[in-house]
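Input: a single structure, listed below in structure tokens.
The values are calculated or read from the model by the stated rules, or taken from the named source; none is laboratory data. Here the structure is a predicted model, which means the values were calculated and not measured. Every residue, glycine among them, receives a Cβ derived from its backbone with ideal geometry; neighbour counts consider all protein chains shown. We work out accessible area using only protein heavy atoms, side chains counted, and drop any ligands, DNA or RNA first. Shrake-Rupley method; radii C 1.70, N 1.55, O 1.52, S 1.80 Å.
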Amino acid sequence: MLQIIKNANILNQQGELERKTIVIDEGKIQKIAGVEDEAVLTAEQSAHNVTDASGKLVIPGLIDMHVHLREPGFEHKETIETGARSAAQGGFTTIACMPNTRPVTDNADVVKLVLDKAKEADLVKVLPYAAITKNELGRELTDFAALKEAGAIGFTDDGVGVQNAQMMKDAMSLAASMDMPVIAHCEDDSLVVGGYVTEGEFSKRHGIKGIPNESEAIHVGRDILLAEATGVHYHVCHVSTEQSVRLIRLAKSIGIKVTAEVCPHHLVLSDEDIPGMDANWKMNPPLRSPRDVQACIEGLLDGTLDMIVTDHAPHSEEEKAKGMELAPFGIVGFETAFPLLYTKFVETGLWSLDFLVKRMTADPARVFRLDTGKLEEGAPADITMIDLNQEQAVDPANFATKGRNTPFTGWKLKGWPVQTWVDGKSVWNNTVQQ
Ligand code: DOR
Ligand code: ZN
Ligand code: ZN
């Protein structure tokens, strides 16, 4: 079934925009041709489906290597179906989901359930992570071999840090022997005790306990040493502090196999932006100081931080209504990520469009060895079309996710995804409404 996307503005090897025709067949990009290409013009006659992308940007489907889909166990917050729909609406075609569900993804049955539900939803590609320790309790390693066999792509106790260094070292040795990555939520519990915002201006002003930067960085430092000792591919989750960036930069410079991710909210917001005791501004790691934000931006610019992930973490309105202190950590991320970063960094001239797109496509694909993330002949037709000129205020009522927990409500953003294809199949299409 031949499909064509014509007049597509794509980013070429040089990172410049070029107008091309994309021919899709059997779920793959068969050809990327010049707009005058004779063979393609002929093919257009017989194509089953032709999309005119005039005036739109066409990029590889976005990849998000850190998301929470909540199923099994917390279906009131999100299901794999609603999460996948939200991802598609945000322009994502591949997402990797965290194991802090109920039950925890700590055995092969849960991995299989996630994969089955994703297949049933038939929207975006869902890659499951499995837990490092049973129930994410930090006491006993899971069965790595069985989890890998079932389809897990890496091991992580995201949501909590692995407190015991020997446990982490054992996990890394085992993962290394199986050529699997260890992905770490870095947080030393002994340094946190009850904080729910960063230790800094906001916490001082409100007279509340804060989460210090060291609680993250101390795990990053420890784990880098353990990664060096074991040779594992170690990936640091949601880097939020200057100290972590510094440690990762050093580790990379001496050849330790470490990679890292950063979230949009840690690039755009600091604790000084928090308007008050509103739980839509509560996430873990918390919003840090402007100095940390700057360090994260610099880390991304110089390649210390490899990729952008959302840490999409939906919660119900009732849960978030409990207020800053009692509400769970987390904000939704799929549907605001691209427009937010495009508006804040590309429209303002701070980053090139190519830079932003690569950090959300080719780089996660490179780090996690995925066969997608690039528009090239022979690659899966995972494609996102974006209207860079469409300006719209963020309205959670329009979200496909069940979560409404975002600090970006009302923000006027440009660069909204308008259509998403996964293996050539359209999974989100907003073009008709324009
Ligand atoms: O903000 C967060 N939300 N941080 C985490 O570590 C966990 C996540 C969640 O599961 O809600
Ligand atoms: Zn986390
Ligand atoms: Zn997370």
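On a per residue basis, the stretch 134-284 carries 39 Å² of accessible surface, using protein heavy atoms and a 1.4 Å probe. Take each peptide in 401-409, 386-394, count the other Cβ atoms within 10 Å of every residue, and average; sorted highest first, the result is 401-409, 386-394. Counting only protein chain heavy atoms and rolling a 1.4 Å probe, the accessible areas of GLU16, GLU78, GLU71 rank, largest first, as GLU16, GLU71, GLU78. Accessible surface of the stretch 80-141, 1.4 Å probe: 47 percent of it comes from carbon and sulfur atoms. If you take the square roots of the eigenvalues of the alpha-carbon gyration tensor of the chain and sort them as a ≥ b ≥ c, do you get rounded (a/c under 1.5), prolate (a/b over b/c) or oblate? It is prolate, given that a/c is not under 1.5 and a/b is the larger ratio.
Highest GNM mean-square fluctuation among MET283, MET167, MET98, for the chain modelled with Cα contacts below 10 Å: MET167. Solvent-accessible area of the stretch 284-428 (1.4 angstrom probe, protein heavy atoms only): carbon and sulfur portion equals 48 percent. Rolling a 1.4 Å probe over the protein heavy atoms gives the stretch 322-423 an accessible area of 37 Å² per residue. Rounded to the nearest 500, what is the 222 nm mean residue ellipticity of the chain from helices alone, with -39500 (n - 2.57) per DSSP H run of 4+ residues and division by all residues? Theoretical 222 nm ellipticity from helices: -8500 deg cm²/dmol.
In loop segments of the stretch 300-372 as defined by DSSP, the trypsin sites (Lys or Arg not before Pro) with at most 16 further C-beta atoms inside 10 Å of their C-beta are LYS322, ARG369.
Mind jotting down the distance between the C-alpha centroids of the stretch 357-434 and the stretch 21-55, whole Å? So the separation of the two Cα centres works out to 21 Å.
Rounded, prolate or oblate for the stretch 387-427? Axes are the square roots of the Cα gyration tensor eigenvalues, ordered a ≥ b ≥ c, and the cut-off for rounded is a/c under 1.5. Here the stretch 387-427 falls in the oblate category.
Given a 1.4 Å probe and the protein chains as shown, ARG288 ends up with an accessible area of around 10 Å². Shape class for the stretch 107-197: oblate, because the ratio a/c of the largest to smallest gyration tensor axis (alpha-carbon atoms, square roots of eigenvalues) is 1.5 or more and b/c is at least a/b.
Computed from the Cβ-Cβ distance with R0 of 45 Å, the FRET efficiency linking GLU317 to GLN294 stands at 0.85. Which whole-angstrom value gives the distance between the alpha carbon centres of the stretch 215-250 and the stretch 183-201? Centre-to-centre distance over Cα atoms comes out at 15 Å.
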